[in-house]
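The values are calculated or read from the model by the stated rules, or taken from the named source; none is laboratory data. Since this is a predicted model, take the numbers as computed values, not measurements. As a convention, Cβ positions derive from the backbone with ideal geometry for all residues, glycine included, and neighbour counts pool all protein chains shown. Note: accessible area is taken over every heavy atom of the protein model, side chains too, but ligands, DNA and RNA are not part of it. Shrake-Rupley method; radii C 1.70, N 1.55, O 1.52, S 1.80 Å.
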Amino acid sequence: MDDGQQGTFASAVARLLPRADTLNREGAPAYAYGPEAKLAQLAATGTLADTFYGAAETQLADVLEAAKAVDPYFVAQAAIYARRSGAMKDMPALLAAYLTVADPDLAIPVFNRVIDNGRMLRNFVQIMRSGQVGRTSLGSRPKRLVQLWLEQAGMPQLMAAATGKDPSLADIVRVVHPKPADAARKAFYGWLIGRPYDVAALPAEIAAFEAWKADNGLPLPPVPFEWLTAFP
């Protein structure tokens, strides 16, 4: 096919296409997403961070606007897909938090599938307390979800969750007051938040860490490396 034929063919195809109905961020003709497509795109690609194409605040406003325009069940699907298939962090936590207001019953299974590690738990609590989804506190049902996560988590999960801040795991424990299942968990919570605790009941990992802090010549304890690098 010569250049003339290619041009004719391209023109014919262009006439069959719908006209562009918006402009993209570069000012070029584009097609506007419907709310479901927009939410799906943001959930799978958005990071709630400043990028070349826009500010974090713009992304946040866009995703909440799209979420409000669709059925909560679709929001739930987007949150789970973004976390399970897209390995996203901020967006699934944001959508899970949004559902605690938009559909509290649906928020429960979404939380259980999306908030799958300590980092996600901290993200969820931070978003809930920020006021961005319409509330500035956890509320009774989200608080219970966080309590259950802490009560069911193993010590490796809790240690990983304790690595980070804004909020820290200690902040979260102070807010939700999880019920310790045994003396070891009670001692861990006391150690974590700076309250009196039974030294003899400390979990083995924490006891080894405290011993190593007193004597760096001991074998390295099985704790997150960030804990070790915080000490000279």
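For the reader, a short list of remarks on this structure follows.
- Convex hull of Cα atoms in region 128-180, direction-averaged projection (nm²): 3.7
- When the listed pairs K143/K186; K38/K68; K89/K143; K143/K165; K89/K179; K89/K165 are checked against a 22 Å cut-off, the alpha-carbon distance exceeds it for K89/K179.
- Percent carbon-and-sulfur accessible area, region 74-195, ignoring ligands, DNA and RNA, probe 1.4 Å: 48
- Think of a 1.4 Å ball rolled over the protein heavy atoms: region 25-178 then has 48 Å² of accessible area per residue.
- Charge tally in the Cβ shell below 12 Å around Q126, where Lys, Arg are +1 and Asp, Glu are -1, Q126 excluded: +2
- Using the alpha carbons alone, the radius of gyration of region 187-232 stands to its Kirkwood radius in an Rg to Rh ratio of 0.96.
- Relative packing of 88-97, 180-189, which averages over residues the other C-beta atoms within 10 Å, highest first: 88-97, 180-189
- Peptides 154-160, 123-129 ranked from most to least packed give 123-129, 154-160, packing being the mean of other C-beta atoms within 10 angstrom over each peptide's residues.
- Contour excess over end-to-end distance, with Cα ends at M155 and A69 and 0.36 nm allotted per residue: 26.9 nm
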